[in-house]
Structure formats: structure tokens, C-alpha cells
Amino acid sequence: MAEEAVLGFLEKNDEISDSGQFAADRGINHQELTNIIKRLSGFRFVDAQDIKRERWVLTEEGKTYAAAGSPEMQVFYAIPPPGISLEELQRKLDPSVFKIGCSQAKKNQWVEMGKQLVTRKVDNVEDKVKDLLNRVQDGEAIDPKELDTLKRRKLIAPQTWKGYSVRKGPNYAPKRKIFATDLTRDNLLRGDWKDLEFKEYNFSAKGQPIEGGHLHPLLKVRQQFKMIFLQMGFEEMPTNNFVESSFWNFDALFQPQQHPARDSHDTFFLQVPSTTKTLPEDYVERVKRVHESGGYGSRGYGYEWKREEANKNLLRTHTTAVSSRMLYLLGQQKKFTPKKYFSIDRVFRNEAVDRTHLAEFHQIEGLVCDRGLSLGDLIGVLNNFFLRLGMSKLKFKPAYNPYTEPSMEIFSYHEGLKKWVEIGNSGMFRPEMLRPMGLPEDVRVIAWGLSLERPTMILYGVDNIRDLFGHKVDLSLIKKNPLCRLGME
């Protein structure tokens with residue numbers, strides 16, 4: 001064995017000066033020998049030093065010419081003493097040999113290239129190229145100028161040979177002891193377990209790659225948002241209805257039927273089933289009345305509300321459609337119970353896809369329903385919520401939403417970008433939305449929402465949303481992404 005040969009040689013000698021020569025003398029494959037040397041070096045049985053030698057080897061083209069002769073020589077011998085036409089000469093030779101050979105033979109002044117006839121200019125020639133190639137192949141020393149000629153013709157290429165010089169290491173022994181890695185049933189039956197020496201456990205070694213599933217970055221950040229809501233005492237809303245009626249998605253939120261968001265350019269409407277089957281009729285009548293003529297301090301929109309518009313099915317454009325259902329159920333209770341709700345799930349909008357927009361994304365929404373809530377309560381809850389995300393610097397800008405008044409856009413100062421970045425929207429649900437649901441007059445609802453994709457992109461350094469979510473996502477991103485802790489400042 002190669003291992004025994006190395007250790008046995010070093011028992012009587014100080015050094016193996018050249019692993020290549022050592023392998024050749026003993027008929028050992030050099031690659032096998034280098035693997036043995038690396039292993040012994042890892043166990044400190046030997047100390048190995050790298051050896052590198054540059055040498056020239058023939059390219060595939062060079063090997064061909066070393067066997068068959070150079071192109072110029074092949075051209076010369078293809079020309080009979082009387083001469084030959086250029087077309088006939090071309091037919092006798094390989095195209096590449098003809099092209100290169102004619103050029104080199106003419107340069108060497110071996111042939112005369114006439115318009116009609118190609119003739120020899122000398123009687124005999126010497127194929128120096130073939131001779132040089134064979135000398136390179138045999139490892140002989142070649143004049144640098146001649147080497148440069150072969151190199152420019154791409155007939156030779158440099159090759160680095162790597163080997164080792166080897167000396168005894170601190171753990172050297174004439175024979176390497178094989179340590180046991182497992183205690184087997186056979187060891188126990190034979191009784192030889194008492195004499196076994198076990199290999200030391202390598203605590204820094206990497207284990208086998210996990211073949212199970214991997215959490216997507218969105219799922220990791222989603223779980224952290226969910227834990228924040230739960231820590232604040234919120235209850236998760238059921239969000240398993242991707243398909244909603246226009247009534248719960250728009251009308252119940254006091255959003256007029258002629259609003260641009262209800263156009264097919266912004267919303268995905270269903271063809272089958274195109275309309276909803278049932279709606280709470282008494283509630284529908286109250287919503288219709290407040291849209292047409294107002295109430296609860298509002299003048300309404302002053303238009304003819306159409307039931308067929310409210311019946312249309314669509315892919316929900318926001319999770320606030322879920323909030324409207326939950327608030328309606330609260331309004332049906334005989335005794336009002338304050339609630340804190342949240343949801344994190346997909347919504348759909350008919351948008352042009354680009355690096356920051358998708359037609360399908362995730363919305364995070366939180367709401368508090370209680371008596372006597374004010375704008376101050378909303379600002380306080382928002383500061384508490386976003387502080388848990390690592391955002392302590394907040395600003396609020398007045399905004400307009402059809403179903404909240406007052407409404408506020410939320411901005412946070414991003415230390416990395418050195419600027420204020422919009423992170424969400426918020427507001428207090430309007431009486432025109434809440435009173436038809438049957439909620440008491442002193443009950444107020446504060447709510448806010450943000451996307452899941454934007455904070456995830458910031459946390460994981462993704463600048464194109466299509467690299468994070470959708471069919472173009474690189475699976476290696478999912479397998480290799482680290483655990484991220486929220487704290488976006």
C-alpha cells in the first residue's frame with residue numbers, strides 16, 4: 001500500500017524529496033500518493049511541503065502534428081515535383097492543414113504559390129516543428145525562442161505539476177493505528193471492545209446536510225410579526241377566504257361603488273362563480289341606506305346603490321374584508337366585548353409587475369375595538385407595535401381612506417438609508433362603517449396595516465420583490481437564508 005510505503009521509507013530516511021519521483025520508482029499512482037500524504041499530514045504523521053513545477057505540454061493540435069508532421073511539411077509532401085493546381089492541393093489536404101500549411105510553407109520559402117500552379121522551391125526540407133514537439137513531449141530542454149514560436153502557434157501550453165516533499169511529523173509511527181469510530185454488536189460478542197481505541201470526537205465538524213424542508217424568509221418574518229401581536233394580546237382572525245364578495249371587500253367598508261379601486265383594471269373579478277350566494281339582508285339594507293342618503297352624522301354619497309355590484313365575487317384586495325366580517329359579528333352580540341384582532345395573509349391586486357410590485361402579496365393588519373378610543377390611543381398602540389420591530393422614530397402624516405377618518409400614513413426613519421420611509425397606513429374606522437354593523441355608539445375601532453414583503457426585503461437585503469416571492473425565486477435562497485431578528489433600524 002502507498003501509506004505503508006511512505007511510512008516505511010521515512011523510518012529509515014529523513015525525507016521524501018519528491019513525491020513524483022517516489023511514485024514513479026515504486027509504480028504508485030501519483031494522485032493516489034498525494035491523497036495518502038494529505039491524510040497522513042492531517043493526522044500529523046508527516047509534515048508535507050508543496051512542490052510546484054512548471055512544464056510545457058502539447059495541445060491537442062500539437063499532439064496531432066507531433067505524430068503526422070507539421071502542416072507546412074504535409075503541404076510540401078503533397079506537392080509533386082512537376083507542381084499541382086491550388087484547387088487539387090486543397091482537395092488533398094484537411095482544410096485547417098491546407099490553410100496553415102500554405103502560409104507557413106510560403107513563409108519558409110519552401111513553395112511558390114502561383115496563380116495557376118503551386119510548385120516546390122527546394123528539393124528537401126526538415127520538419128523542425130515536429131522535432132521540437134517530440135522533444136517537448138520527451139521533457140528535453142528547448143531554446144526559449146523556439147518555445148515561444150510553438151506557444152504563439154498554440155501547439156504547446158504551460159502545465160503546473162504539483163507534488164510534495166515529506167518528512168516525519170510529531171505523531172510519526174512506522175504504522176498508523178486505525179481507531180474505531182463505532183462500538184458494534186460484534187465487538188461486544190467477541191469481547192475485543194476492551195482493547196479498542198476510539199477516534200476523538202470532532203465537535204467542529206459539520207453534520208450531514210438536512211434533507212427536510214426549509215422555511216421561506218417570508219414565513220420567518222411572518223412568524224415574528226405573529227409573535228409580536230400575540231405578545232400584545234391580539235387574537236388572530238380567520239383569513240382562509242381568498243375569494244370575497246364586493247360587499248364585504250368594499251361596500252361594508254363604506255367604499256363607494258364608483259371608486260376606481262372597484263374597476264377591473266385594479267381588481268381581479270371572478271367569472272365562475274361570478275356572484276355571491278348569501279348576504280345578511282338586514283345589514284345589506286343598512287349599508288345601502290348609508291351609501292345613498294347617509295346617517296350617523298354623514299350625508300352619504302348621494303347615488304343609487306346597486307345590489308348587483310355588491311354581489312360580484314373577487315379576489316380580496318385587502319385583509320380589511322376579513323376585519324369587516326369580524327366587526328359585523330361583534331355587532332351582533334347582545335353584550336359588546338372589546339377585541340384586539342390581527343391577520344397576516346395574501347391579497348390580490350391587478351397591478352403591473354415590477355421590482356417593487358406583484359399582483360399577489362401579503363398584508364399585515366391589526367385593529368382594536370373598544371369603547372371611547374381616540375387618535376391618541378392609535379398613536380400609542382402604533383408606537384408600541386413598531387418599537388417591538390426595532391423602529392423607535394415614527395412620524396404620522398394625515399391621509400385619506402374611504403373607511404377611516406382620521407387617517408394617517410406611518411413613516412419611520414431608516415438609519416441605513418438615512419431617510420424617512422413609509423411603512424404603513426392607519427386610521428379610525430368611520431361611524432358610517434361601524435354603526436350599520438350594530439356596534440354601540442361609543443365603540444371606536446383603530447386599525448393599521450403594512451405589507452410583509454417590504455420589511456422582509458429590508459431584513460434580507462433583497463432589492464427585487466420577484467427574487468423573494470413567486471415562481472422565479474432561487475431555491476438556494478430558501479435553503480441558505482439565515483434566521484433574521486426584527487430590528488430594521
Rounded accessible area of residue 478 (nearest 10 Å², 1.4 Å probe):
30
Starting from region 182-270, pick out the trypsin sites (Lys or Arg not before Pro) whose DSSP state is loop and whose Cβ has at most 10 other Cβ atoms within 10 Å.
199, 206
Once phi is turned into θ = phi - 60°, what whole-Hz ³J(HN,Hα) does the Karplus curve with 6.51, -1.76 and 1.60 give for every residue of region 449-458, x standing for Gly and Pro?
x, 7, 8, 8, 5, 5, x, 5, 4, 5
Would you mind calculating the relative contact order of the chain from Cα pairs under 8 angstrom and at least 6 residues apart, reporting the percent as a whole number?
13
Which residues does a label at residue 275 reach in region 294-328, if reach means a backbone N under 15 Å from a point 7 Å past the Cα toward the Cβ?
306-314
Where the only charges are on Cβ atoms (+1 Lys, Arg; -1 Asp, Glu), what is the dipole of region 292-401 about its Cα centre, to the nearest 20 debye?
400
Could you sort the peptides 67-75, 295-303 by per-residue average Cβ neighbour count (10 Å cutoff), highest mean leading?
67-75, 295-303
Among (1) 115, 88, 48; (2) 68, 51, 45; (3) 82, 56, 49, the entry derived from the coordinates for Cα extents along the principal axes in Å
(1)
Just to verify a number: FRET efficiency for residue 329 and residue 208, C-beta to C-beta distance, R0 = 51 Å, to 0.05?
0.50
Signed unit charges on C-beta, dipole axis of the chain, positive-most listed residue 331, 458, 183:
331
For the chain, what is the mean residue ellipticity at 222 nm derived from helices alone (per DSSP H run of n ≥ 4: -39500 (n - 2.57); sum divided by total residues; nearest 500 deg cm²/dmol)?
-10000 deg cm²/dmol
Calculated Rg and Dmax of region 235-360 using C-alpha coordinates, Å:
15.3, 49
Rounded to a whole number, what is D in µm²/s for region 11-163 from Stokes-Einstein with the Kirkwood radius over alpha-carbon pairs (4 °C, 1.567 mPa s)?
69
What percent of all Cα-Cα pairs in region 382-489 falls into each 5 Å bin, going from 0 up to the bin containing the maximum distance?
2, 10, 17, 17, 14, 14, 10, 7, 5, 2, 0
Give the residues of region 1-26 whose amide nitrogen is closer than 20 Å to a point set 7 Å from the Cα of residue 181 in the direction of its Cβ.
2-4
Within region 418-451, backbone nitrogen closer than 15 Å to the virtual label 7 Å beyond the Cα of residue 371 toward Cβ:
439-445
Order these peptides, 340-350, 368-378, by their mean beta-carbon neighbour count within 10 angstrom, highest first.
340-350, 368-378
In terms of the alpha carbon gyration tensor, root eigenvalues a ≥ b ≥ c, rounded if a/c is under 1.5 and otherwise prolate when a/b exceeds b/c or oblate, region 294-430 is oblate
Taking the Cα-to-Cβ direction at residue 38 and at residue 471 and moving 7 Å from each Cα, how far apart do the two end points lie in nm?
4.2
Quick check for you: with a 1.4 Å probe and neighbouring chains kept, what is the accessible area per residue of region 1-103, in Å²?
58
With the dipole of region 1-80 worked out from charges on the C-beta (+1 for Lys and Arg, -1 for Asp and Glu) around the Cα centre, which of 59, 13, 41 lies farthest toward the positive end?
59
Quick check: Cα centre of region 53-121 to Cα centre of region 178-213, how many Å?
66
Here the gain from full extension of residue 392 to residue 285, 0.36 nm per residue of separation minus their alpha-carbon distance, amounts to 34.1 nm
Rounded to the nearest whole number, the Stokes-Einstein translational diffusion coefficient of region 150-209 at 4 °C and 1.567 mPa s (Kirkwood radius, C-alpha pairs) in µm²/s is 74
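The values are calculated or read from the model by the stated rules, or taken from the named source; none is laboratory data. What you see is a predicted model, and the numbers here were worked out from it, not measured in a lab. Positions of Cβ are generated from backbone atoms using ideal geometry, with glycine treated the same way; all protein chains shown enter the neighbour counts. In case anyone asks, the SASA skips ligands and DNA or RNA and just uses the protein heavy atoms, side chains included. Shrake-Rupley method; radii C 1.70, N 1.55, O 1.52, S 1.80 Å.
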